[in-house]
Structure formats: C-alpha cells, structure tokens
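First up is the structure itself, then whatever we jot down about it.
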C-alpha cells in the first residue's frame, strides 16, 4: 500500500519581480502533524515563498498540491478556506478592536447578516482556552495586550478557520524566554492534533528545540530539503545558508585596555528611574563595547532610552566627555554625540517609505541646508559614503528602506549615526530579526565602530551575543547591576545564574 501523500507539496515554484528572480524552482513538502522549519538569510526567498503559499503572490511557474491534489491559491481567502493560515512577523491585528473581533475579523459569526456577538465571544473563549490562555479577556482591545498576547490572538484567528497548516514567520522575535517556551508548548499541542506548522526563525537553537525537518533556501533556490532538525550540525546549516563555512561569528576582540585608558566618553552618576532601574554608576570609554545582560524587564532598554534623552531620569545625571547632559532631551543628546539604534527599528528608527539617503541624512539635515534649500547632491554623496563603508546591499541610496532586508535596514540606522559623528552608540537588540550571515556582518561593523573610537553600549537578549561582542559586561536583575566583569571571565551559564538569582555585588 502506497504511503499517504504529504499534506502540502510545492514543486518548482518560480516567482520573478522586475529585475529580481525571488524564487527559482523551489520545492517544499510538509507532512501533517510536523514542524517543518524554513531557514535562509534575508533575501533568500522565504518571505516570497510563504506569500505564494498564503495566496498573496501567484507563482510564475510550478505546482502546488494539497493532500495530493493540484490546487490554485488565487487569494489569501482561498488559502484560508483550504486550511492554510499565515501568521506574519508584523501581526495584522486591529489594535482598537477587541480580541473577539480580531479573531473573527472577515469571518464573523453571523446569521442572515446579523453578527451573533455572544456566540462569537463564547467561541473566542474556547479558542483561547485551547491555546492555554483562558486568562486573556475576549472583550479587551488587542492594543492593550503584550506582544505574546497578541500572538496568541493571531493563532486563535487561524484556528477559527479549521486550519490544517499554520505558517509562523519569526514568531519568537518579540518574546522573552518564558513566552518562547509557552509558544513551543502551543505548537506541540497543535501538531499533536495533526496540524502542520511551517516555522521560520533565524535562531538555530529554536530550530533544534521545535523542528522535525528543515529546508534551507539560498538566493531563491533550494539549498537543502527535509534535513533532520535535531541531528544536523549547526555548521552545516550555516554553510548551506551562507555558502561558506562560518567558523567564527564574532570578530576578534582587542586586548584589554591599558591602565592609562582614555577618559570615559560616557559616565553616569546615580542615574535612576523609579520603578525601572536603581542608581546606576557606569563608565564607557572610547573604543569600548559594554554589554548589558538581563531578562526582559530588568531595566536594560530603559537605561538606553534614558541615556538617549527619550526618558527623563528621576535622579542622577549623565555626562558626555565630562559635560552634564540635559536630562530627558533627545535633541541635546544627539548634539552631544549620542546615537540610539532602538529595538523596534521599523517603527522607531526608520522612515520605511523613504529612501536610504533620506533615512541616513535625517539626523544631520542642517549640514546640507543652504538658505532654506537642501543640497541633494551633497546629501546623497554623504549618505552613500557611509552606506558603502558599511557594505549596504544593494548599493542604491535611492532605494526605499522598506525593500531592504533586516540586516541592511540596521546598517542604515548605523550609517545615520556615523554621518552625525556620534561618540556614544546605544544598541538595543541590534540583530533582532537578522539572519546568521548578516549578523556576522553587523558584528564586524560594530567592532569596527568601536575600533574607530566610538563607545558602544549594547543590549541583547541573546547572552552569547553579549559575551561575544562586549569587552565588559554588566549583569542586570530587577533594575540593579548584580555583577560586572570582563566578558572573557563569564560564560552563558554564569550569566544566566546571575540574572535569575543574583544579588548585588561589584
């Protein structure tokens, strides 16, 4: 007896956009009840492939089969009716609508055109309970929920359609470790019910924990199909994604600063924000990378935002090159040479519809202003000089930032502060949503900036990233520094012990 056909089979899928072949004969098969992980660098074709699967793009060539039968997916509605749901990294929820309204948006529980609000609420409660989150109020506005809560609502929306396959695009990007564990529990429950999951993530450790099989895309083509997730070596995954064997992700760290190190470029004295972080005495020297390690809620991001002037301290002060910085004033911080690359770069740092040039020059427009007119030639030349120095790809200063990969968008943010000649660079989750190859490039860029004399203060949820990049590490717990040490003297287990159980020490 022949084995049953896979739930989904995509064969020789090809998709071309003007000047770009995004997919070039891609194959993918997914079995019912499995977690099939999709790996690839930014620009490898993952997003295009899942949009074809979601009915948002139509392939130029190739075939899609569902349970062995050829199908067409002309629209997202057609894909959903077939049982295919896609949860994008940027959740498509309506913040001012309730949880229930979002779950059934476009699929309202109705009779003869009248919405049955009570039945919808009952069904929403049942779906939230199935996902292990009965505490979520079905009547609350989605905008009031955490990132993890909003993701649960997106999953409930998918389940409301009797889904057979769920595509999850970077579902853990905005979650803390406990929330990731809960996500994995939910995925395990779905696959136990026979639901298939296509899981996209840049975090290889997650792939091992949650995945059954892995397919790898590179430059719009299949580099590998159906590799075992738990037994394939990390080196092999990286080599397939990048086309090279990446042995060392982090650039070489220079020797420890000599006793006669330069004066601090940044110093804080008793810096405090009530309820967020306790008195902080910090020194950052030119050319030094200092990492802040701690759990979400430990005060890491709040410290960076206070240093950048986005938040006003309740006590203490910040000094740049020995001069006090006006508190709670972003303009004063920028003029003093402080630059911030925030965690949410798309919503907080970038003008997504504007060009690379406009995004780079926005922090230094007076430099190009003459009598009320902008020197566009000088503006483009200055932006291009810095983006080329950071190896931006593609090298096109007129290109809209929204069309760039995550790693290249981050380079645009860094180029902005290079143009401004910043002295202190604050990096909050600099590689969030960035693939392995682009991460290595960003690590090199950050180290080069430090080597040029910029002081870098780094926040990352990934302890190996902090230890691999930083010269010195401050470990935070509940808003307090519980340990300070050179990065060479710490390992991941020691840091995790400190953030979970540490007590204040020097």
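The values are calculated or read from the model by the stated rules, or taken from the named source; none is laboratory data. Quick caveat: nothing in here was measured; it's all calculated off a predicted structure. Heads up, the Cβs are rebuilt from the backbone with ideal geometry, glycines too, and the neighbour counts pull from every protein chain shown.
Quick notes on this structure:
- Residues that are in contact with a strand residue (DSSP E or B) (Cβ under 8 Å, 6 or more places away or on another chain) and part of a loop (DSSP other than H, G, I, E, B), drawn from the range 69-91: 72, 73, 83, 88, 89
- Reported count of residues in the range 266-289, each being in a loop (DSSP other than H, G, I, E, B) and either closer than 20 Å to residue 445 by Cβ or touching a strand residue (DSSP E or B) at 6+ places or on another chain (Cβ under 6 Å) (or both), is 4.
- Per the listing 142, 167, 153, the residue uniquely within 23 Å of the chain's Cα centre (by Cα), closer than 24 Å to residue 405 by Cβ, in the same structural domain as residue 101 (by TED's automatic domain parsing) and surrounded by 18 or more Cβ atoms within 10 Å (Cβ to Cβ) is 167.
- Test: residue 53 is in contact with a strand residue (DSSP E or B) (Cβ under 6 Å, 6 or more places away or on another chain) and under 19 Å from residue 226 (Cβ atoms): no
- Restricting 110, 44, 56, 79 to those that are surrounded by fewer than 18 Cβ atoms within 10 Å (Cβ to Cβ), modelled with pLDDT under 95 and within 27 Å of the chain's Cα centre (by Cα) reduces the list to 56.
- Residue within the range 12-25 that is within 29 Å of residue 206 (Cα to Cα) and within 25 Å of the chain's Cα centre (by Cα) present: yes
- When the test is whether a residue is in a helix (DSSP H, G or I), in the same structural domain as residue 407 (by TED's automatic domain parsing) and either in contact with a helix residue (DSSP H, G or I) (Cβ under 9 Å, 6 or more places away or on another chain) or on the phi > 0 side of the Ramachandran plot (or both), residue 334 passes it.
- Matching entry among 380, 420 (being surrounded by 15 or more Cβ atoms within 10 Å (Cβ to Cβ), touching a helix residue (DSSP H, G or I) at 6+ places or on another chain (Cβ under 8 Å) and either closer than 20 Å to residue 345 by Cα or in the same structural domain as residue 237 (by TED's automatic domain parsing) (or both)): 420
- Residue in the range 296-315 that is closer than 30 Å to residue 493 by Cβ, modelled with pLDDT under 90, outside the structural domain of residue 481 (by TED's automatic domain parsing) and not in a helix (DSSP H, G or I) present: no
- Looking across 293, 278, 336, 260, one residue alone is surrounded by 14 or more Cβ atoms within 10 Å (Cβ to Cβ), over 30 Å from residue 408 (Cα atoms) and modelled with pLDDT under 95. It is 278.
- Against the test of being more than 21 Å from the chain's Cα centre (by Cα), modelled with pLDDT of 90 or more and surrounded by fewer than 20 Cβ atoms within 10 Å (Cβ to Cβ), the options 366, 324 yield a single qualifying residue, 324.
- The requirement of being farther than 22 Å from residue 393 by Cβ and part of a strand (DSSP E or B) is fulfilled somewhere in the range 44-62, by at least one residue.
- Only residues that are modelled with pLDDT of 85 or more and assigned to a loop (DSSP other than H, G, I, E, B) were counted in the range 219-241, giving 5.
- Which numbered condition residue 350 misses (of (1) in contact (Cβ under 8 Å) with a residue 60 or more places away in the chain; (2) part of a strand (DSSP E or B)): (2)
- Of all the criteria given as (1) under 17 Å from residue 296 (Cβ atoms); (2) free of Cβ contacts under 8 Å to residues at least 40 places away in the same chain; (3) in contact with a strand residue (DSSP E or B) (Cβ under 6 Å, 6 or more places away or on another chain), the one not satisfied by residue 496 is (3).
- Residue 135 over 30 Å from residue 407 (Cβ atoms) and either assigned by TED's automatic domain parsing to the domain that holds residue 51 or at pLDDT 85 or above (or both): yes
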